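Peer 1: What follows is a structure written as C-alpha cells; I'll ask about it next.
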Amino acid sequence: MLRIRRYVVLCLFLICVGAAFSFWVAGQPGAEDTGQVLPPPPLAGVKLDAGRTGMATAVNVTASPDAQWLMDAAAQTGIPARALRAYVAAAASASGSSPACGIGWNTLAAIGSVESGHGTHGGGSLDTEGQASGAIVGPRLDGEGFAAIPDTDGGAVDGDARWDRAVGPMQFIPSTWRLVGRDGNGDGTADPFNIDDAALSAATYLCLHGRDLRTSQGWTQAIYSYNQSDAYIRQVKDKAVTYATVTATLKD
C-alpha cells in the first residue's frame, strides 16, 4: 500500500511540474512559433527599362523598371514609386550576383511594407534620392518585450550607446548592417536610411548561405532569419502574394 501511495504522489508531482513548465513556455516570447514551412510567394513580374541593363551594384546603373510599368505598379500596389524602383533594382542585382537565390522584388517590398511602410513610418517619406525624410529607428532592444541586444556600434548608427535598435526602411540592427550593408546607389556610402542601400542589403542578407528562395524551405528560412516569428512570416508572405497578384495584369 505504501508503495502505491508513493507511486501516486510521484505521478501527481510529475503532472504538476509538466503543467507548470507548459505555462512557463506559453508565456515566453515566440513560444507560439512552430517553425512552420510555407510555400514561397510567386515571383512578381516586372518590365525592365531596356536602356539600363548593366548588373553593377549601384542602382543608377543596374536594371531599373520601365517608367510606365513603375507608375502603373505603384498605383496598383500602393508602394511609393521611389521605394518600388529600389526593390526591383535590388532584386535584379541580387539575381545577377546570386542567380540561384531567385529572390523576387515582391518579397523585398513585403518586408519593406511590414518593417516601415516603405520608409513612411512616423509620417516620413523618401526623397528623390531614396533618403528617408526622418530617422526611422526602432525601439530599444533591451529585453523588455524584445530580444536583449547590448550596443554594438557605440550609437554611431542607431544613436543609442547602451542598446542596439533597428534602423532605416528595412530595419537593420547595427551589427547586421556591418556585415551586409551595401552601397546600392553608387554614392560611395552604405547608408541604412537610404532605400537603395537598404533594399540591396536586404536582398544580400536574404540570399546568404546559398538559399534558394524559390523553395519553401529556402524562402521560409530567409524570412525567419529576418524576424523569428511565424506571424511575421505569414504577414510578409501575404503582402508578397498580394503584390504579385495585383501586378500580374501589367505588361512585362
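Peer 1: Could you check, for the stretch 139-152, whether at least one of its residues is among the small types (G, A, S), open to solvent by less than 60 Å² (accessible area, probe 1.4 Å), touching a helix residue (DSSP H, G or I) at 6+ places or on another chain (Cβ under 9 Å) and under 19 Å from V167 (Cα atoms)? Outline the logic, then answer.
Peer 2: Going through the stretch 139-152, the residues among the small types (G, A, S) turn out to be 143, 145, 147-148.
Now narrow it down to the ones that are open to solvent by less than 60 Å² (accessible area, probe 1.4 Å): 143.
So of that shortlist, the ones also touching a helix residue (DSSP H, G or I) at 6+ places or on another chain (Cβ under 9 Å) come out as none.
No: the stretch 139-152 contains no residue that is among the small types (G, A, S), open to solvent by less than 60 Å² (accessible area, probe 1.4 Å), touching a helix residue (DSSP H, G or I) at 6+ places or on another chain (Cβ under 9 Å) and under 19 Å from V167 (Cα atoms).
Peer 1: Turning to a different aspect of this structure: Only one residue in A109, A166, A132 is touching a Gly at 6+ places or on another chain (Cβ under 6 Å), buried (at least 22 other Cβ atoms within 10 Å of the Cβ), within 28 Å of Q217 (Cβ to Cβ) and of a type outside the set (K, R), so which one is that? Can you show your working first?
Peer 2: Numbers: A109 fails: touching a Gly at 6+ places or on another chain (Cβ under 6 Å); A132 fails: within 28 Å of Q217 (Cβ to Cβ).
None of the other options fit; the residue is A166.
Peer 1: Looking at R182, R178, which is the one that is in a helix (DSSP H, G or I), open to solvent by 10 Å² or more (accessible area, probe 1.4 Å), more than 20 Å from V236 (Cβ to Cβ) and at pLDDT 95 or above? Please lay out each step first, then the result.
Peer 2: Values: R182 fails: in a helix (DSSP H, G or I).
Answer to the selection: R178.
Peer 1: Whether any residue in the stretch 27-40 is within 27 Å of the chain's Cα centre (by Cα), at pLDDT below 75, within 21 Å of T128 (Cβ to Cβ) and open to solvent by 80 Å² or more (accessible area, probe 1.4 Å) is what I want to check. Let's see the steps before the verdict.
Peer 2: At the first step, the residues of the stretch 27-40 found to be within 27 Å of the chain's Cα centre (by Cα) are 27-40.
With the extra rule that they be at pLDDT below 75, the set shrinks to 27-35.
Applying the additional criterion that residues be within 21 Å of T128 (Cβ to Cβ) yields none.
No, that holds for no residue.
Peer 1: Take the conditions open to solvent by 40 Å² or more (accessible area, probe 1.4 Å), in contact (Cβ under 8 Å) with a residue 40 or more places away in the chain, out of contact with any Phe, Trp or Tyr (no Cβ under 8 Å at 6 or more places or on another chain) and not polar (S, T, N, Q) and apply them to G210. Does it pass? Show your work before the answer.
Peer 2: Values: open to solvent by 40 Å² or more (accessible area, probe 1.4 Å): yes; in contact (Cβ under 8 Å) with a residue 40 or more places away in the chain: yes; out of contact with any Phe, Trp or Tyr (no Cβ under 8 Å at 6 or more places or on another chain): yes; not polar (S, T, N, Q): yes.
For G210, the condition - open to solvent by 40 Å² or more (accessible area, probe 1.4 Å), in contact (Cβ under 8 Å) with a residue 40 or more places away in the chain, out of contact with any Phe, Trp or Tyr (no Cβ under 8 Å at 6 or more places or on another chain) and not polar (S, T, N, Q) - is met.
The values are calculated or read from the model by the stated rules, or taken from the named source; none is laboratory data. Being a predicted model, the structure only gives us computed values, none of them experimental. Note: ideal-geometry Cβ built from the backbone for every residue, glycine included; neighbour counts use all protein chains shown. Surface accessibility is based on the protein's heavy atoms, side chains included, excluding ligands, DNA and RNA. Shrake-Rupley method; radii C 1.70, N 1.55, O 1.52, S 1.80 Å.
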